[in-house]
Amino acid sequence: MTLPRWFAAAALLAAVCATPRPAASRPGDVARSFASPARTPTGLAFDGKSLWVADRKTATIYEVDPRDGVVRSQLPTPGWQPEGLAWDGQALWAADGAERKLYRLDPRRRLVLRSLDAPGKSPRGLAWDGKALWVADDRRGEIVAVNPVDGAELGSFKVPAKDVRGLAYDGRYLWVADRLLDRIYLVEPKRGDVIFWVPAPGPFVQGLAWDPAARKLWAVDYQTDTIYHLVADDGTKNARFGGKDQILDLTHVVRNLGPGALRDVSTVIAIPSSRENQEVLSITHDGPPPAFIIDNQEQKLARFTAARVEAGQSFAPNMRVHAQLAGVQWYVFPEQVGPLNEVPAGVRQRYLGDDPKYQIWDPYLRKSAAEAIGTEKNPYWMARRLARYIDDRMRYEMAGGWEAAPLTLKRGTGSCSEYTFVFVALARAVGLPARWVGAVVVRGDDASWDVDFHRWAEVYLPRYGWVPWDVQHADQPSPAAHAEPLGRLDDRMLVTTVSGGFSKELDWSYNTNARFTCEARCQVFSDAVGEWSPAAAERRVFVAPRLPVAPRTPAAPPAPRPPATPPAPPAPRP
């Protein structure tokens, strides 16, 4: 079979992309580390020259050289259960979990300068933002800003996850450590929105501190008894994690149940390309030789045709894809996102237009879009506000057809596709370019099948490009779970379809589509299935061996039964 030039070029690109890439640093990576001064470290602070480490068992605060971990001095804690530490530019703050107090200390003179009641029963992490002291309280379930003079509360927001410990303020955002999920969250302190998270360097991060000169994060872990210096922002836009080497058999079955015949059967299967989350290594097709086409959305497709399918027969072309899947995290710092006037003209032209499922001219939809974003101008926060607006008004329900965005938003329920259409419509209504992608999903085990598939949106953020924005999966109660799919993909997705709207070949579907005509009456089953198997241990089709079968010997006729003997007559009575 002769392949078109673009298909051969895509195969070559996939081979090049499959070459192992050198490891690069990313937010959360450990730049260096050294042992903590004692065995039960809790709080951590940095004054620009020294690290201060609180230790629970020794009830001591150690001054540590940040270059090599050597202890410079030490002082007793003001209470018996030291937790978080923070440096306010002139003095040290210490939280005590047993006494539920916040102490301001002069570490050189070993004096307690001030004592305040903590805003909750379980003060953990502390951070100083230049005006207020932030306190993480795991029992209260909030991170609270307090006045450093009298302890009055200035504001609060819900904790990102259940058990937060360390806090650090980098001049714009709070970094928040969660010891149960082993994560460190980047949090916007005005509303408590989680922007992204990085893996914690150990299983029990207790303390965090910010290093302004190096623009890095300090962390101390209670289990490993180690102090880590972590990369915070090194300019990395996104990075891969995890990985699966998978084989996908994507089949679209058109089964004619009769009684009439099918004519002019045409099935299209979307051809995946290599992108941030996947490397396509090879693609083959089973069935009649396909024609390779590109639709009006610039999606590459393989088209299979059959002139006739009789009653009781099926037409089932298959595409086999060998791909390496990866998770991808986008490290979007909102202040680094460019304004909307930096969106390339080609992107604006293709991904700001209307389509029947969007109806961005609809007065209700336009009013909703304006209400959602308010006066926000930053493209990242515009997209975040739209996601929150949708999730506050909709709940997931996979029923019925794919309705247009205004109707779906009014109704308040929808599938992943309808969540996506609503987001794309609202984003375009406020001038934010958006599109959608469709994928086949590894459902749990690497050897599995998918018949539901998944669709989500992508939003164009200037200086970052296209970023995944799965608003249906963001419909979660906790701040961390809500933010998880906004800028992050796991390693279960093989994207086949990228589209801005209606396709002349796929219609509003993705992955596959089929068309046909019927002679007289016919009942047709038409659906797709994706069958996954690990590439390294691909399952073999097992065919039971045929056992030798002895020729049948005619059975002998049954022997004739002897005639029944009549019973003897009864004896006469006397």
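The values are calculated or read from the model by the stated rules, or taken from the named source; none is laboratory data. As the structure is a prediction and not an experimental result, all values here were calculated from the model. So basically every Cβ, Gly included, is an ideal-geometry build from the backbone, and we count neighbours across all protein chains shown. Accessible surface areas use protein heavy atoms only, side chains included; no ligands, DNA or RNA. Shrake-Rupley method; radii C 1.70, N 1.55, O 1.52, S 1.80 Å.
Run SER314 past the list (1) farther than 30 Å from PHE292 by Cβ; (2) in contact (Cβ under 8 Å) with a residue 40 or more places away in the chain; (3) open to solvent by less than 70 Å² (accessible area, probe 1.4 Å); (4) not hydrophobic (A, V, I, L, M, F, W, C) and report the number of the one that doesn't hold.
Condition (1) is where SER314 drops out.
State the number of residues belonging to segment 33-51 that are open to solvent by less than 40 Å² (accessible area, probe 1.4 Å), closer than 22 Å to ALA214 by Cβ and touching a residue at least 60 places away in the same chain (Cβ under 8 Å).
Matching residues across segment 33-51 total 8.
Please state which of the following conditions PRO78 fails to meet, knowing it meets all the rest: (1) closer than 30 Å to GLN278 by Cβ; (2) open to solvent by 10 Å² or more (accessible area, probe 1.4 Å).
(1)
Step by step: first the residues of segment 220-235, then only those that are open to solvent by less than 30 Å² (accessible area, probe 1.4 Å) and within 26 Å of the chain's Cα centre (by Cα), then the one that is nearest to ALA54 (Cα to Cα). Which residue is that?
LEU230
Sort out which residues of segment 478-509 are crowded, with 22+ Cβ neighbours inside 10 Å and under 18 Å from GLN324 (Cβ atoms), and write them in order of number.
LEU489, ARG492, MET493, LEU494, VAL495, THR496
Filter segment 146-159 down to the residues that are under 21 Å from HIS482 (Cα atoms) and out of contact with any Ser or Thr (no Cβ under 9 Å at 6 or more places or on another chain), then identify the one that is least open to solvent (accessible area, probe 1.4 Å).
PHE157
Can you find, within segment 518-544, the residue that is modelled with the highest pLDDT among those that are surrounded by 12 or more Cβ atoms within 10 Å (Cβ to Cβ) and of a type in the set (Val, Ile, Thr)?
The extreme case among them is VAL529.
Quick test of your reading of the structure: ARG179 fulfils all but one of (1) surrounded by 21 or more Cβ atoms within 10 Å (Cβ to Cβ); (2) touching a Phe, Trp or Tyr at 6+ places or on another chain (Cβ under 8 Å); (3) modelled with pLDDT of 95 or more. Name the failing condition by number.
(3)
Which of the residues belonging to segment 81-101 are of a type in the set (A, V, I, L, M, F, W, C) and either at pLDDT 95 or above or open to solvent by less than 10 Å² (accessible area, probe 1.4 Å) (or both)?
Answer for segment 81-101, where residues must be of a type in the set (A, V, I, L, M, F, W, C) and either at pLDDT 95 or above or open to solvent by less than 10 Å² (accessible area, probe 1.4 Å) (or both): LEU85, ALA86, TRP87, ALA91, LEU92, TRP93, ALA94, ALA95.
Which condition number does ALA369 fail, the rest of (1) among the hydrophobic types (A, V, I, L, M, F, W, C); (2) modelled with pLDDT of 95 or more; (3) touching an Asp or Glu at 6+ places or on another chain (Cβ under 7 Å) being met?
(3)
Cβ-Cβ below 9 Å, separation at least six or inter-chain, first residue in segment 421-440 and within 9 Å of GLU458 (Cα to Cα), second in a loop (DSSP other than H, G, I, E, B) and of a type in the set (Ser, Thr, Tyr): which pairs?
Going by the 9 Å Cβ cut-off, the qualifying pairs are VAL424/TYR358; TRP436/TYR510; VAL437/TYR510.
Identify the single condition in (1) of a type outside the set (S, T, N, Q); (2) touching an Asp or Glu at 6+ places or on another chain (Cβ under 7 Å); (3) open to solvent by 10 Å² or more (accessible area, probe 1.4 Å) that GLY346 does not satisfy, given that it satisfies every other one.
Exception for GLY346: condition (2).
Take the conditions in contact with a Gly (Cβ under 9 Å, 6 or more places away or on another chain), open to solvent by 10 Å² or more (accessible area, probe 1.4 Å) and modelled with pLDDT under 95 and apply them to ASP138. Does it pass?
For ASP138, the condition - in contact with a Gly (Cβ under 9 Å, 6 or more places away or on another chain), open to solvent by 10 Å² or more (accessible area, probe 1.4 Å) and modelled with pLDDT under 95 - is met.
Residues that are surrounded by fewer than 22 Cβ atoms within 10 Å (Cβ to Cβ), among the small types (Gly, Ala, Ser) and within 19 Å of ASN147 (Cα to Cα): does segment 52-75 have at least one?
No - not one qualifying residue is present in segment 52-75.
Here is a list of conditions, (1) over 29 Å from ASN513 (Cβ atoms); (2) free of Cβ contacts under 8 Å to residues at least 60 places away in the same chain; (3) not aromatic (Phe, Trp, Tyr), and ARG384 meets all of them except one; can you say which number that is?
For ARG384, the failing item is (2).
In segment 253-272, which residues are outside any strand (DSSP E or B) and among the aliphatic types (A, V, I, L, M)?
If the condition is that a residue be outside any strand (DSSP E or B) and among the aliphatic types (A, V, I, L, M), then ALA261, ILE271 are the ones that fit.
Confirm whether ARG139 is assigned to a loop (DSSP other than H, G, I, E, B), in contact with a helix residue (DSSP H, G or I) (Cβ under 9 Å, 6 or more places away or on another chain) and over 27 Å from ASP490 (Cα atoms).
So ARG139 does not fit the description; no.
Scan segment 160-172 and give yes if some residue there is open to solvent by less than 20 Å² (accessible area, probe 1.4 Å), of a type in the set (Val, Ile, Thr) and under 19 Å from LEU217 (Cβ atoms), otherwise no.
yes
Which residues, counting only those in segment 186-211, are open to solvent by 20 Å² or more (accessible area, probe 1.4 Å) and over 23 Å from VAL144 (Cα atoms)?
Selection gives PRO199, PRO201, PRO203.
I'd like to know if segment 69-89 contains one or more residues that are without any contact (Cβ under 8 Å) to a residue 12 or more places away in the chain, over 27 Å from TYR173 (Cβ atoms) and of a type in the set (Lys, Arg).
no
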